[in-house]
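**Student:** Once you've had a glance at the structure underneath, I'll fire off some questions.
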Amino acid sequence: MAKKPKKSSRAKKSKPVKRQAKRVATNAKPAKIAKAGGTDPKRVRAILEKLDEAYPHATCALTHDNPFQLLISTILSAQCTDVRVNQVTATLYKKYPSPEAFAYASPNELEQDIRPTGFFRNKTKSIIGASKKIVEEFHGKVPQTMDELLTLPGVARKTANVVLGTAFGIASGVVVDTHVQRVSGRLDLTKNTDPKKIEQDLMQIIPREKWILFAHQLIWHGRRVCVARKPRCIECNLEKICYSKDKTV
Ligand code: SF4
């Protein structure tokens, strides 16, 4: 008499487990298929070829004469257009011609000098902090490793990748700015929205020797054709292999 209730309680416990397993299997399938489609090696190669056709000489738009100036310009470019940064730095680098000049500048004066680029108080702190560290700990030279660059105030992976790639030709990662973020999503090269995760996704599917040029190409494409509002898909040579929901043709 006491065994009957035990059997029925086992049967009741096992049912939800089976139902849960089924749900997981059903959810997992479409995600795998979608990922394989977007980042299929043939498709990625086709995208790279099209970008090479359209932007064979894409490069950094920030005016600079040396790695230190590129670092400063990149810090200034946060939330600001490259055109505006170039207007400001045209006189800024004459007034502050060396890392020492920035390191020991008057914060109030530097704030006014870079004011048109926005966020000028934080940028002044970053520029003076980074310059001091470069002068006092790196003998006045911009370091050439990701780990060292990341110790500089105001420098995160995006800035470090710009400096390493453009100034030194070192591919330590992929620059992920707002354009790379948007265009790589529209091209279904990543499902992520966090820049750090996007960079990891792109590093896995783009050959390392293309990392530097690829980022410049996506930035150019994002500025010229695949713009944020109403992308100019009719002018886009990637249109046939793009299935973004934002497409305008
Ligand atoms: S087809 Fe349109 S959405 Fe797709 S990459 Fe080109 S411009 Fe961007």
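**Student:** Order these by the 10 Å Cβ neighbour count, fewest first: L110, L150, L71.
**Tutor:** L150, L110, L71
**Student:** Straight-line reach from K50: which aspartates and glutamates have a Cα under 15 Å away, not including same-chain ones fewer than 8 places off?
**Tutor:** E235, E239
**Student:** Using the Karplus equation 6.51 cos²θ - 1.76 cosθ + 1.60 (θ = phi - 60°), what ³J(HN,Hα) coupling, rounded to whole Hz, does each residue of segment 155-163 give in order, writing x for Gly and Pro?
**Tutor:** Taking θ as phi minus 60°, the curve returns 10, 10, 4, 4, 4, 4, 5, 4, 5 Hz for segment 155-163.
**Student:** Rounded to whole Hz and in sequence order, give me ³J(HN,Hα) for segment 94-109 from the Karplus expression 6.51 cos²θ - 1.76 cosθ + 1.60, θ = phi - 60°, writing x for Gly and Pro.
**Tutor:** 3J(HN,Hα) across segment 94-109, in whole Hz: 7, 6, 10, x, 8, x, 4, 4, 6, 4, 10, 6, 6, x, 4, 5.
**Student:** What FRET efficiency comes out for the pair K42/E148, r = Cβ-Cβ distance, R0 = 45 Å, nearest 0.05?
**Tutor:** According to the calculation, E is roughly 0.75.
**Student:** Let me ask another. Tally Lys and Arg at +1 and Asp and Glu at -1 over the other residues with C-beta under 12 Å from the C-beta of G118: what net charge comes out?
**Tutor:** Result for the local shell: +3.
**Student:** Now for a different question. Looking at this model, which pairs from K158/K230; K158/K197; K94/K133; K42/K210 are more than 19 angstrom apart at the alpha-carbon?
**Tutor:** Check vs 19 Å cut-off fails for K158/K230; K94/K133.
**Student:** Taking the mean number of other Cβ atoms within 10 Å as a proxy for protection, how do you rank 177-186, 119-128, 42-51, 223-232 from highest to lowest?
**Tutor:** In decreasing order of mean packing, 177-186, 119-128, 42-51, 223-232 become 177-186, 119-128, 42-51, 223-232.
A short reminder: the numbers here are calculations on the coordinates, not readings from a lab. All values reported here derive from a predicted model rather than from experimental measurement. Positions of Cβ are backbone-derived with ideal geometry, glycine not excepted, and every protein chain shown enters the neighbour counts.
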